[in-house]
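Enquirer: To start, I am sharing the structure in question, which I have written as structure tokens.
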Amino acid sequence: MEKNLSKLNKIEELLCRGVEEIIDRPHLESKLKSGKQLRVKLGIDPTSPNIHLGRSIPLLKLRDFQELGHKIVFIIGDFTGIIGDSSDKNSERPMLSEDIVNQNLKTYIRQAAKIIDIDSAEIYHNSEWLGKLGYLEIGRQAGSFSLNEFISRENIDRRLKEGKRVSLRELLYPLMQGYDSVKVRADVEIGGTDQRFNLLAGRDLQKLYGQESQDVLTNPLIEGLDGRKMSSSFGNSVNLFDIPDDMFGKIMSIRDELIIKYFVLLTRVDMRIVEKYEADLSAGANPRDVKMKLAHEIVLMYHDRNAADSALLNWERTFSEKKVPENMPEIKAEKGAILIDVLVKHGLIKSKSQARRLFEDGAIKNLDDDTKFIDLQIKVMRPLVLKIGKKIFVKVNI
């Protein structure tokens, strides 16, 4: 009885933690409870040499399925990576050369192995089947979709309204990702919310080929170091192969409001502990202290305890040696006040236009956790120690 309850709890967490949408949930939940071994698919295009923490969200979900006894199928999109997916792009994505893609994917299996059990997984490169398709078969697949379905996607619709080019090549990408599901006979496919159309394409193509449609599980996207979506192209990512000190320092630089989101999506720390951290932060705990726990946990996941402990000590040593004036000025702010207004009001910044430039340049730093403020609407919710530009230090009390 206790064993069955434990399994049900694991299934519930699998269906909830780091999940945005499930299509369709009752069907998937029924299959999970039936004890049938499912084939769970994830594909990643090697458009960069590095797998970053944003990609770890679906990889961790793969591991959740794996730990429940299901067969995971990891597809390295060496063919789709050449063609290019525009699902999350505001402009046409250029084709990559085979040489670049092959160079990028060299360590993908080793990187994925930091999260999933590679030895018990099925690993494919989708050039094995996509490179062999001819016009006749592609035409057959294309008949499953209408042009209107494609152009009604949010980012494609926006580009068209802005007069930006949308290539016919981009229409083919969902077919290719969908055909991957056919070839591996996927029961479930995992992907980010930006992949929703491509994931649903797999369901349609499986019907075309006489297979049962896969269930779809989408995960939220995660913000990177600058607050935008984590992306190798933005240079704002934390990579699985980052050395421990760099990984720790990057995590310490994220915005305070992302701490709990990072715990939920990027770790498997018990949710009861995460909820306690969230309550502590709401009660006024210093975000730096909770963020240090987060950074230590993430380094531990991708390296080992010695590396995590060492990275923590190195960061503390470096932080404690930062030179901060002992008798810096102090100002008072009401809790919830907009920081930019407080700094202008007290004459620390001449005008709001100057403040905007400083914020946008990352020239206002929170010395409590060595992060940069770039959000113009950030509110003062706790005492702060700030560095403005190169020379101005100030304590903000509430």
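Each value in this text was obtained by applying a stated rule to the coordinates, not by laboratory testing. All of these numbers come straight from a predicted model, not from anything done at the bench. Glycine gets a Cβ as well: all are built from the backbone with ideal geometry, and neighbour counts include every protein chain shown.
Enquirer: So what J values fall out for segment 235-242 if you push phi through Karplus, 6.51 cos²θ - 1.76 cosθ + 1.60 with θ = phi - 60°, rounded to Hz, Gly and Pro as x?
Expert: Whole-Hz 3J(HN,Hα) from phi for segment 235-242: x, 10, 9, 10, 9, 5, 9, 4.
Enquirer: Sticking with this one: May I ask for the angle, rounded to the nearest 10°, between helix 25-34 and the longest principal axis of the chain, with both axes built from Cα atoms and the value confined to 0 to 90°?
Expert: Taking Cα atoms only, the helix is inclined about 70 degrees.
Enquirer: Among the listed pairs Lys71/Lys114; Lys10/Lys41; Lys31/Lys183; Lys36/Lys132; Lys161/Lys207; Lys31/Lys61, give every one whose C-alpha distance is greater than 28 Å.
Expert: Distance filter (> 28 Å) returns Lys36/Lys132; Lys161/Lys207.
Enquirer: If you keep only loop residues by DSSP, which chymotrypsin sites (Phe, Trp or Tyr not before Pro) in segment 77-135 have at most 13 other Cβ atoms within 10 Å of their Cβ?
Expert: Here no loop site has a sparse enough neighbourhood.
Enquirer: Sort 296-306, 54-64, 162-172 by the packing proxy (mean of other Cβ within 10 Å over each peptide's residues), most packed first.
Expert: With the highest mean Cβ count within 10 Å placed first, the list reads 54-64, 296-306, 162-172.
Enquirer: A further question on this structure: Based on DSSP H runs of at least 4 residues, each adding -39500 (n - 2.57), what is the mean residue ellipticity at 222 nm of the chain after dividing by all its residues, to the nearest 500 deg cm²/dmol?
Expert: Calculated from helices alone, the mean residue ellipticity at 222 nm is -14000 deg cm²/dmol.
Enquirer: Working out 0.36 nm times the residue gap between Phe234 and Lys332, then minus their Cα-Cα distance, what length gain in nm do you get to one decimal?
Expert: 31.6 nm
Enquirer: For the Cα atoms of the chain, what angle does the longest principal axis make with the long axis of helix 2-16, in degrees from 0 to 90, nearest 10?
Expert: Tilt relative to the chain: about 80 degrees.
Enquirer: Stokes-Einstein diffusion coefficient for segment 330-397 at 10 °C in a medium of 1.306 mPa s, Rh from the Kirkwood formula over Cα pairs: what value in µm²/s?
Expert: 137
Enquirer: Here's a follow-up. Considering only the chain, what is the antiparallel percent among its DSSP beta bridges, to the nearest 5?
Expert: 45
Enquirer: Next up: Expressed as a rounded percentage, what relative contact order does segment 330-397 have, with Cα pairs under 8 Å and six or more residues apart?
Expert: Across segment 330-397, relative contact order equals 38 percent.
Enquirer: Return the FRET efficiency for the residue pair Asp361, Lys293: r is the Cβ-Cβ distance, R0 is 45 Å, and the value is rounded to the nearest 0.05.
Expert: The pair Asp361/Lys293 has a calculated efficiency of 0.90.
Enquirer: Post the alpha-carbon centroid distance, segment 55-109 to segment 257-283, in whole angstrom.
Expert: A separation of 28 Å, based on Cα centres.
Enquirer: How many percent of all Cα-Cα pairs in the chain sit more than 34 Å apart?
Expert: Percent of Cα pairs beyond 34 Å in the chain: 39.
Enquirer: Based solely on C-alpha atoms, express the radius of gyration and the Dmax of segment 244-320 in angstrom.
Expert: 11.9, 32
Enquirer: Do me a favour and compute the ellipsoid semi-axes for segment 2-234 from its Cα gyration tensor, root of five times each eigenvalue, largest one first, whole Å.
Expert: 28, 21, 18
Enquirer: Just Arg185, Arg272, Arg203 to compare: in a GNM of the chain, with alpha carbon springs under 10 Å, which one fluctuates most?
Expert: Arg272
Enquirer: If you don't mind, there's one more thing I want to ask. For segment 12-52, what percent of Cα pairs sit more than 14 Å apart?
Expert: Here the long-distance tail beyond 14 Å is 63 percent of all Cα pairs in segment 12-52.
Enquirer: So what are the ³J(HN,Hα) numbers for segment 345-359, from phi and the Karplus equation (6.51, -1.76, 1.60; θ = phi - 60°), rounded to whole Hz, Gly and Pro as x?
Expert: Rounded to whole hertz, the list is 4, 8, x, 6, 10, 5, 8, 5, 5, 5, 4, 4, 4, 5, 4.
Enquirer: Give the long-range amide H neighbours of Leu221: residues separated by 5 or more places, or on another chain, with amide H under 5 Å away, using H modelled in the peptide plane at 1.01 Å from N.
Expert: Thr193
Enquirer: While we're looking at this one, here's another question. When we measure straight from the Cα of Lys345, which lysines land under 27 angstrom away, once same-chain ones fewer than 8 places off are left out?
Expert: Within the straight-line limit of under 27 Å, Lys345 reaches these lysines: Lys323, Lys332, Lys335, Lys365, Lys372, Lys379, Lys387, Lys390, Lys391, Lys395.
Enquirer: Taking 0.36 nm per residue of sequence separation and subtracting the Cα-Cα distance, how much length would be gained by fully extending the chain between Val269 and Leu160, in nm to one decimal?
Expert: Full extension from Val269 to Leu160 adds 34.9 nm.
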